[in-house]
1. For the range 73-117, what is Rg from Cα atoms divided by 2.2 N^0.38 Å, rounded to two decimals?
2. How big is the Kirkwood radius of the range 141-267, worked out from every pair of different alpha carbons and given in Å to one decimal?
3. Using only alpha carbon positions, build the gyration tensor of the range 249-360, then give the equivalent ellipsoid semi-axes as the square roots of 5 times its eigenvalues, largest first, whole angstrom.
4. Which loop GluC sites (Glu not before Pro) in the range 24-54, with loop taken from DSSP, have no more than 16 other Cβ atoms within 10 angstrom of their Cβ?
5. Tell me, in nm to one decimal, what length is gained between Asp75 and Leu143 on full extension, where the rule is 0.36 nm per residue of separation less the Cα-Cα distance?
6. Stokes-Einstein diffusion coefficient for the range 81-220 at 25 °C in a medium of 0.890 mPa s, Rh from the Kirkwood formula over Cα pairs: what value in µm²/s?
7. Figure the gain on full extension for Arg125 and Thr309 (residue separation times 0.36 nm, minus the Cα-Cα span) and round it to one decimal in nm.
8. For Cα pairs less than 8 Å apart in space and 6+ apart in sequence, what is the mean separation divided by the residue count of the range 1-127, i.e. the relative contact order in percent?
Amino acid sequence: MTGQFDRKLVLEDGAVFYGQGFGARQERLAEVVFNTSMVGYQEILSDPSYTGQAVVMTYPLIGNYGICPEDYETDRPSISAMILREYNGEPSNFRSVEALEQALLRWDIVGLTGVDTRALTRHIRDRGTCKGLITDAETPDALCAEKLCAALPTDVVARVSTRSIQHLPAPQRKFHVVAVDCGMKRNILCSLNARGCDVTVVPWTVTAETVALLRPDGVFLSNGPGNPQDVPEVIRLVSALRGRYPIFGICLGHQVIALGCGARTYKLKFGHRGGNHPVKNLATGRVEITSQNHSYAVDGGSLAGTGLTVTHVNLLDGTVEGLKCESDRIFSVQYHPESAPGPQDSAYLFDTFLKMMEDA
(Lines give C-alpha, C1' and ligand atoms only; values in the text may rest on other atoms or scores of the structure.)
Protein backbone atom coordinates (compact mmCIF):
# COMPACT_ATOMS: atom_id res chain seq x y z
CA MET A 1 0.00 0.00 0.00
CA THR A 2 1.20 3.52 -0.82
CA GLY A 3 0.20 6.09 1.83
CA GLN A 4 -3.57 6.58 1.95
CA PHE A 5 -4.12 4.77 -1.37
CA ASP A 6 -5.62 1.28 -1.28
CA ARG A 7 -6.00 0.59 -5.01
CA LYS A 8 -4.08 1.18 -8.21
CA LEU A 9 -4.39 1.28 -11.98
CA VAL A 10 -1.63 -0.56 -13.81
CA LEU A 11 -1.31 0.07 -17.54
CA GLU A 12 0.07 -2.50 -19.95
CA ASP A 13 3.13 -0.30 -20.58
CA GLY A 14 4.00 -0.56 -16.88
CA ALA A 15 2.77 2.87 -15.70
CA VAL A 16 1.05 2.83 -12.30
CA PHE A 17 -1.47 5.32 -10.88
CA TYR A 18 -2.65 5.02 -7.27
CA GLY A 19 -6.03 5.97 -5.82
CA GLN A 20 -8.79 5.06 -3.43
CA GLY A 21 -11.45 2.56 -4.32
CA PHE A 22 -15.18 3.24 -4.23
CA GLY A 23 -18.18 1.55 -5.79
CA ALA A 24 -17.52 -2.09 -6.66
CA ARG A 25 -14.20 -3.29 -5.23
CA GLN A 26 -13.50 -6.02 -7.75
CA GLU A 27 -10.40 -6.38 -9.88
CA ARG A 28 -11.12 -5.15 -13.39
CA LEU A 29 -9.27 -5.39 -16.72
CA ALA A 30 -10.41 -2.86 -19.33
CA GLU A 31 -9.38 -0.50 -22.09
CA VAL A 32 -8.56 2.85 -20.47
CA VAL A 33 -9.90 5.96 -22.24
CA PHE A 34 -10.55 9.57 -21.22
CA ASN A 35 -13.54 11.89 -21.58
CA THR A 36 -13.22 15.68 -21.52
CA SER A 37 -16.86 16.51 -20.70
CA MET A 38 -17.44 18.89 -17.80
CA VAL A 39 -20.94 17.54 -17.09
CA GLY A 40 -22.89 14.40 -17.92
CA TYR A 41 -21.10 11.74 -15.88
CA GLN A 42 -24.38 9.82 -15.47
CA GLU A 43 -24.95 9.76 -19.23
CA ILE A 44 -21.36 8.58 -19.68
CA LEU A 45 -21.84 5.96 -16.98
CA SER A 46 -24.90 4.61 -18.82
CA ASP A 47 -23.81 5.00 -22.47
CA PRO A 48 -23.54 1.46 -23.94
CA SER A 49 -20.72 2.65 -26.22
CA TYR A 50 -18.45 2.53 -23.15
CA THR A 51 -19.08 -1.19 -22.59
CA GLY A 52 -15.97 -2.81 -21.15
CA GLN A 53 -14.02 0.44 -20.85
CA ALA A 54 -12.53 2.29 -17.87
CA VAL A 55 -13.27 5.99 -18.37
CA VAL A 56 -10.98 8.68 -16.98
CA MET A 57 -12.95 11.87 -16.30
CA THR A 58 -10.73 14.88 -16.98
CA TYR A 59 -13.03 17.28 -15.14
CA PRO A 60 -11.68 17.14 -11.57
CA LEU A 61 -14.90 17.01 -9.47
CA ILE A 62 -17.40 14.24 -10.18
CA GLY A 63 -20.53 13.25 -8.26
CA ASN A 64 -21.58 16.70 -7.03
CA TYR A 65 -25.09 16.59 -8.56
CA GLY A 66 -25.79 12.92 -7.83
CA ILE A 67 -27.85 10.48 -9.87
CA CYS A 68 -31.32 11.04 -11.38
CA PRO A 69 -33.27 8.02 -12.73
CA GLU A 70 -34.58 9.98 -15.74
CA ASP A 71 -31.05 10.66 -16.97
CA TYR A 72 -29.97 7.07 -17.62
CA GLU A 73 -29.21 6.26 -21.27
CA THR A 74 -29.78 2.52 -20.77
CA ASP A 75 -31.47 0.28 -18.22
CA ARG A 76 -28.29 -1.68 -17.50
CA PRO A 77 -25.04 0.32 -17.57
CA SER A 78 -22.11 -1.75 -18.82
CA ILE A 79 -19.09 0.50 -18.34
CA SER A 80 -16.25 -1.28 -16.50
CA ALA A 81 -14.89 1.52 -14.34
CA MET A 82 -14.79 5.27 -13.68
CA ILE A 83 -11.50 6.93 -12.72
CA LEU A 84 -11.71 10.32 -11.00
CA ARG A 85 -9.59 13.04 -9.46
CA GLU A 86 -12.09 13.88 -6.71
CA TYR A 87 -15.34 12.11 -5.85
CA ASN A 88 -18.17 14.01 -4.13
CA GLY A 89 -20.43 11.61 -2.25
CA GLU A 90 -22.77 14.31 -0.88
CA PRO A 91 -24.57 15.69 -3.96
CA SER A 92 -26.53 18.94 -3.95
CA ASN A 93 -29.33 18.67 -6.50
CA PHE A 94 -33.11 18.57 -5.98
CA ARG A 95 -33.44 15.90 -8.72
CA SER A 96 -30.86 13.55 -7.21
CA VAL A 97 -32.08 10.33 -5.61
CA GLU A 98 -28.71 8.80 -4.70
CA ALA A 99 -24.96 9.33 -4.83
CA LEU A 100 -22.82 8.08 -7.70
CA GLU A 101 -21.27 5.35 -5.54
CA GLN A 102 -24.66 3.71 -4.94
CA ALA A 103 -25.18 3.48 -8.71
CA LEU A 104 -21.71 1.96 -9.18
CA LEU A 105 -22.45 -0.64 -6.51
CA ARG A 106 -25.79 -1.55 -8.09
CA TRP A 107 -24.30 -2.07 -11.53
CA ASP A 108 -21.03 -3.67 -10.37
CA ILE A 109 -18.91 -0.81 -11.72
CA VAL A 110 -15.47 -0.21 -10.24
CA GLY A 111 -14.60 3.28 -9.04
CA LEU A 112 -11.15 4.77 -8.44
CA THR A 113 -10.71 8.29 -7.02
CA GLY A 114 -7.79 10.41 -5.87
CA VAL A 115 -5.95 9.64 -9.12
CA ASP A 116 -3.75 12.23 -10.84
CA THR A 117 -6.10 12.28 -13.83
CA ARG A 118 -4.18 15.08 -15.53
CA ALA A 119 -1.03 12.95 -15.66
CA LEU A 120 -3.02 9.86 -16.63
CA THR A 121 -4.82 11.68 -19.46
CA ARG A 122 -1.55 13.09 -20.82
CA HIS A 123 -0.08 9.58 -20.69
CA ILE A 124 -2.97 8.16 -22.74
CA ARG A 125 -2.88 11.10 -25.16
CA ASP A 126 0.84 10.69 -25.76
CA ARG A 127 1.02 6.89 -25.90
CA GLY A 128 -2.49 5.95 -26.98
CA THR A 129 -5.31 4.00 -25.37
CA CYS A 130 -4.24 0.76 -23.77
CA LYS A 131 -5.35 -1.98 -21.41
CA GLY A 132 -5.33 -1.29 -17.71
CA LEU A 133 -5.86 -3.35 -14.58
CA ILE A 134 -7.56 -1.86 -11.52
CA THR A 135 -6.53 -3.89 -8.51
CA ASP A 136 -5.46 -3.66 -4.87
CA ALA A 137 -2.45 -1.47 -4.23
CA GLU A 138 -0.54 -4.45 -2.82
CA THR A 139 -1.01 -6.72 -5.85
CA PRO A 140 2.50 -7.78 -7.01
CA ASP A 141 3.78 -6.22 -10.24
CA ALA A 142 4.50 -9.61 -11.80
CA LEU A 143 0.92 -10.77 -11.22
CA CYS A 144 -0.43 -7.53 -12.71
CA ALA A 145 1.74 -7.98 -15.80
CA GLU A 146 0.47 -11.54 -16.22
CA LYS A 147 -3.17 -10.48 -15.98
CA LEU A 148 -2.62 -7.64 -18.46
CA CYS A 149 -1.70 -10.21 -21.11
CA ALA A 150 -5.33 -11.37 -21.28
CA ALA A 151 -7.28 -10.33 -24.38
CA LEU A 152 -10.23 -7.97 -24.10
CA PRO A 153 -13.60 -9.31 -25.30
CA THR A 154 -14.84 -8.53 -28.80
CA ASP A 155 -18.52 -9.44 -28.26
CA VAL A 156 -19.42 -6.09 -26.71
CA VAL A 157 -22.25 -5.29 -29.16
CA ALA A 158 -23.87 -8.65 -28.47
CA ARG A 159 -23.76 -7.86 -24.75
CA VAL A 160 -25.73 -4.61 -25.04
CA SER A 161 -28.06 -5.08 -28.02
CA THR A 162 -31.71 -5.91 -27.47
CA ARG A 163 -32.52 -9.62 -27.64
CA SER A 164 -36.03 -9.18 -29.00
CA ILE A 165 -37.99 -6.87 -31.28
CA GLN A 166 -39.56 -3.95 -29.42
CA HIS A 167 -42.13 -1.40 -30.63
CA LEU A 168 -42.06 2.19 -29.35
CA PRO A 169 -45.02 4.16 -30.75
CA ALA A 170 -44.93 7.91 -31.25
CA PRO A 171 -47.71 10.15 -29.87
CA GLN A 172 -48.59 11.18 -33.44
CA ARG A 173 -47.23 8.84 -36.08
CA LYS A 174 -45.72 10.23 -39.26
CA PHE A 175 -43.20 7.53 -40.14
CA HIS A 176 -42.11 4.05 -39.11
CA VAL A 177 -38.40 3.58 -38.43
CA VAL A 178 -36.60 0.28 -37.87
CA ALA A 179 -33.71 0.97 -35.49
CA VAL A 180 -30.87 -1.56 -35.43
CA ASP A 181 -29.69 -1.66 -31.83
CA CYS A 182 -25.93 -1.99 -31.51
CA GLY A 183 -25.97 -0.36 -28.07
CA MET A 184 -28.40 2.49 -28.60
CA LYS A 185 -28.72 5.47 -26.26
CA ARG A 186 -32.22 6.12 -24.93
CA ASN A 187 -32.28 9.74 -26.09
CA ILE A 188 -31.99 8.61 -29.71
CA LEU A 189 -35.33 6.83 -29.36
CA CYS A 190 -36.80 9.87 -27.62
CA SER A 191 -35.56 12.13 -30.43
CA LEU A 192 -37.22 9.95 -33.08
CA ASN A 193 -40.47 9.51 -31.12
CA ALA A 194 -40.70 13.26 -30.51
CA ARG A 195 -40.63 13.84 -34.28
CA GLY A 196 -43.50 11.47 -34.98
CA CYS A 197 -41.54 8.28 -35.70
CA ASP A 198 -42.90 4.97 -34.51
CA VAL A 199 -39.71 3.01 -33.78
CA THR A 200 -39.26 -0.74 -34.02
CA VAL A 201 -36.03 -1.67 -32.25
CA VAL A 202 -34.38 -4.82 -33.60
CA PRO A 203 -31.29 -6.82 -32.55
CA TRP A 204 -27.95 -6.25 -34.25
CA THR A 205 -28.27 -9.68 -35.91
CA VAL A 206 -31.47 -8.74 -37.77
CA THR A 207 -31.65 -9.86 -41.41
CA ALA A 208 -32.68 -7.81 -44.41
CA GLU A 209 -35.65 -10.16 -44.83
CA THR A 210 -36.93 -9.37 -41.34
CA VAL A 211 -36.51 -5.65 -41.94
CA ALA A 212 -38.57 -5.94 -45.14
CA LEU A 213 -41.37 -7.72 -43.27
CA LEU A 214 -41.55 -4.78 -40.85
CA ARG A 215 -42.22 -2.40 -43.78
CA PRO A 216 -40.26 0.63 -42.53
CA ASP A 217 -40.16 4.10 -44.03
CA GLY A 218 -36.51 4.31 -42.98
CA VAL A 219 -33.75 2.40 -41.22
CA PHE A 220 -31.61 3.75 -38.40
CA LEU A 221 -28.22 2.28 -37.38
CA SER A 222 -27.29 3.09 -33.79
CA ASN A 223 -24.16 3.86 -31.86
CA GLY A 224 -22.43 1.06 -29.99
CA PRO A 225 -19.16 -0.16 -28.50
CA GLY A 226 -16.04 -1.69 -29.98
CA ASN A 227 -14.54 -2.24 -33.40
CA PRO A 228 -17.06 -1.98 -36.28
CA GLN A 229 -15.32 -4.88 -38.01
CA ASP A 230 -16.46 -7.11 -35.13
CA VAL A 231 -20.09 -6.85 -36.35
CA PRO A 232 -20.02 -8.29 -39.90
CA GLU A 233 -23.74 -9.04 -39.63
CA VAL A 234 -24.52 -5.31 -39.53
CA ILE A 235 -22.08 -4.59 -42.35
CA ARG A 236 -23.82 -7.18 -44.53
CA LEU A 237 -27.19 -5.66 -43.58
CA VAL A 238 -26.07 -2.27 -44.91
CA SER A 239 -25.00 -3.84 -48.19
CA ALA A 240 -28.35 -5.63 -48.50
CA LEU A 241 -30.52 -2.59 -47.64
CA ARG A 242 -28.56 0.01 -49.59
CA GLY A 243 -30.88 1.84 -51.98
CA ARG A 244 -34.03 0.14 -50.65
CA TYR A 245 -34.75 2.50 -47.74
CA PRO A 246 -33.50 5.85 -46.42
CA ILE A 247 -30.72 4.98 -43.95
CA PHE A 248 -29.31 7.12 -41.13
CA GLY A 249 -26.34 6.05 -39.01
CA ILE A 250 -24.77 7.49 -35.87
CA CYS A 251 -21.29 6.69 -34.48
CA LEU A 252 -20.84 2.90 -34.90
CA GLY A 253 -23.71 3.10 -37.40
CA HIS A 254 -21.65 5.63 -39.38
CA GLN A 255 -18.67 3.28 -39.42
CA VAL A 256 -20.64 0.19 -40.52
CA ILE A 257 -22.26 2.22 -43.31
CA ALA A 258 -18.77 3.04 -44.59
CA LEU A 259 -17.71 -0.61 -44.34
CA GLY A 260 -20.94 -1.83 -45.95
CA CYS A 261 -20.31 0.47 -48.91
CA GLY A 262 -16.73 -0.74 -49.37
CA ALA A 263 -14.69 1.82 -47.42
CA ARG A 264 -12.27 1.14 -44.53
CA THR A 265 -12.03 2.12 -40.88
CA TYR A 266 -9.06 2.44 -38.53
CA LYS A 267 -8.43 2.88 -34.81
CA LEU A 268 -7.60 6.35 -33.54
CA LYS A 269 -4.65 6.84 -31.20
CA PHE A 270 -6.81 7.89 -28.24
CA GLY A 271 -10.28 8.35 -29.72
CA HIS A 272 -12.76 11.20 -29.43
CA ARG A 273 -14.70 11.43 -26.16
CA GLY A 274 -16.23 14.63 -24.91
CA GLY A 275 -18.89 17.28 -25.47
CA ASN A 276 -16.78 19.97 -27.10
CA HIS A 277 -15.56 18.66 -30.48
CA PRO A 278 -15.86 21.23 -33.31
CA VAL A 279 -17.17 19.76 -36.57
CA LYS A 280 -17.55 21.68 -39.84
CA ASN A 281 -20.55 21.09 -42.09
CA LEU A 282 -18.98 21.27 -45.56
CA ALA A 283 -22.28 22.17 -47.25
CA THR A 284 -23.06 25.19 -45.06
CA GLY A 285 -19.67 26.11 -43.62
CA ARG A 286 -21.30 26.08 -40.18
CA VAL A 287 -19.27 24.79 -37.24
CA GLU A 288 -21.14 22.60 -34.76
CA ILE A 289 -19.96 21.79 -31.25
CA THR A 290 -20.60 18.08 -30.89
CA SER A 291 -20.71 15.23 -28.40
CA GLN A 292 -18.50 12.28 -29.34
CA ASN A 293 -17.56 8.85 -28.05
CA HIS A 294 -15.64 6.51 -30.34
CA SER A 295 -12.30 4.78 -30.86
CA TYR A 296 -12.53 4.20 -34.62
CA ALA A 297 -12.86 6.47 -37.66
CA VAL A 298 -13.58 6.16 -41.37
CA ASP A 299 -10.57 6.28 -43.69
CA GLY A 300 -11.30 9.19 -46.03
CA GLY A 301 -8.80 7.86 -48.53
CA SER A 302 -10.84 4.67 -49.00
CA LEU A 303 -14.07 6.34 -50.18
CA ALA A 304 -13.29 6.35 -53.91
CA GLY A 305 -15.73 4.11 -55.75
CA THR A 306 -18.06 3.67 -52.77
CA GLY A 307 -20.59 6.31 -53.78
CA LEU A 308 -20.05 8.04 -50.44
CA THR A 309 -18.91 11.64 -50.08
CA VAL A 310 -17.71 13.49 -46.98
CA THR A 311 -20.20 15.96 -45.48
CA HIS A 312 -18.54 16.88 -42.16
CA VAL A 313 -14.97 17.03 -40.88
CA ASN A 314 -13.45 17.30 -37.41
CA LEU A 315 -11.62 20.61 -37.03
CA LEU A 316 -9.25 19.20 -34.41
CA ASP A 317 -7.70 16.43 -36.49
CA GLY A 318 -9.41 16.46 -39.90
CA THR A 319 -11.10 13.07 -39.46
CA VAL A 320 -14.27 12.19 -41.38
CA GLU A 321 -17.34 13.12 -39.32
CA GLY A 322 -20.13 12.71 -41.87
CA LEU A 323 -20.94 10.80 -45.06
CA LYS A 324 -23.75 10.67 -47.59
CA CYS A 325 -24.83 8.93 -50.78
CA GLU A 326 -27.70 10.91 -52.27
CA SER A 327 -28.63 8.34 -54.90
CA ASP A 328 -29.03 5.60 -52.28
CA ARG A 329 -30.56 7.93 -49.64
CA ILE A 330 -27.87 7.18 -47.06
CA PHE A 331 -26.25 9.57 -44.61
CA SER A 332 -24.36 9.23 -41.34
CA VAL A 333 -22.40 11.16 -38.73
CA GLN A 334 -19.63 10.07 -36.40
CA TYR A 335 -20.89 12.20 -33.52
CA HIS A 336 -24.11 12.21 -31.43
CA PRO A 337 -26.84 14.64 -32.55
CA GLU A 338 -29.10 13.50 -29.67
CA SER A 339 -26.17 14.29 -27.33
CA ALA A 340 -27.75 14.08 -23.89
CA PRO A 341 -26.81 16.12 -21.90
CA GLY A 342 -25.67 18.40 -24.75
CA PRO A 343 -24.74 20.30 -26.82
CA GLN A 344 -27.76 20.46 -29.14
CA ASP A 345 -26.15 21.98 -32.27
CA SER A 346 -26.73 18.88 -34.41
CA ALA A 347 -30.31 17.90 -33.53
CA TYR A 348 -31.37 19.05 -37.03
CA LEU A 349 -30.00 15.78 -38.42
CA PHE A 350 -33.08 13.93 -37.18
CA ASP A 351 -35.19 16.38 -39.21
CA THR A 352 -32.95 15.65 -42.21
CA PHE A 353 -33.81 11.96 -41.78
CA LEU A 354 -37.54 12.78 -41.67
CA LYS A 355 -37.25 14.86 -44.83
CA MET A 356 -35.47 11.97 -46.55
CA MET A 357 -38.28 9.58 -45.60
CA GLU A 358 -40.90 12.09 -46.74
CA ASP A 359 -39.22 12.48 -50.12
CA ALA A 360 -39.01 8.72 -50.48
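The values are calculated or read from the model by the stated rules, or taken from the named source; none is laboratory data. From a predicted model like this one, the values you see are computed outputs, not experimental measurements. Cβ: placed from backbone, ideal geometry, glycine included. Neighbour counts: every protein chain shown. Protein only, heavy atoms only, side chains kept; ligands, DNA and RNA dropped before computing areas. Shrake-Rupley method; radii C 1.70, N 1.55, O 1.52, S 1.80 Å.
1. Working: Rg = 11.4 Å, N = 45, 2.2 N^0.38 = 9.3 Å.
Relative to the rule-of-thumb radius for its length, the range 73-117 sits at 1.22.
2. On the way: mean 1/r = 0.0650 Å⁻¹.
It is 15.4 Å.
3. Numbers: eigenvalues 76, 68, 28 Å².
Ellipsoid semi-axes (Å, largest first): 20, 18, 12.
4. Details: sites: Glu27, Glu31, Glu43; in loops: Glu27.
The qualifying sites are Glu27.
5. Extending this stretch completely gives an extra 21.0 nm.
6. Details: Rh = 19.3 Å.
In µm²/s, the coefficient is 127.
7. Numbers: separation 184, 0.36 × 184 = 66.24 nm, distance 2.96 nm.
In short, 63.3 nm is gained.
8. On the way: 270 pairs, mean separation 37.0, N = 127.
Relative contact order, the range 1-127: 29 percent.
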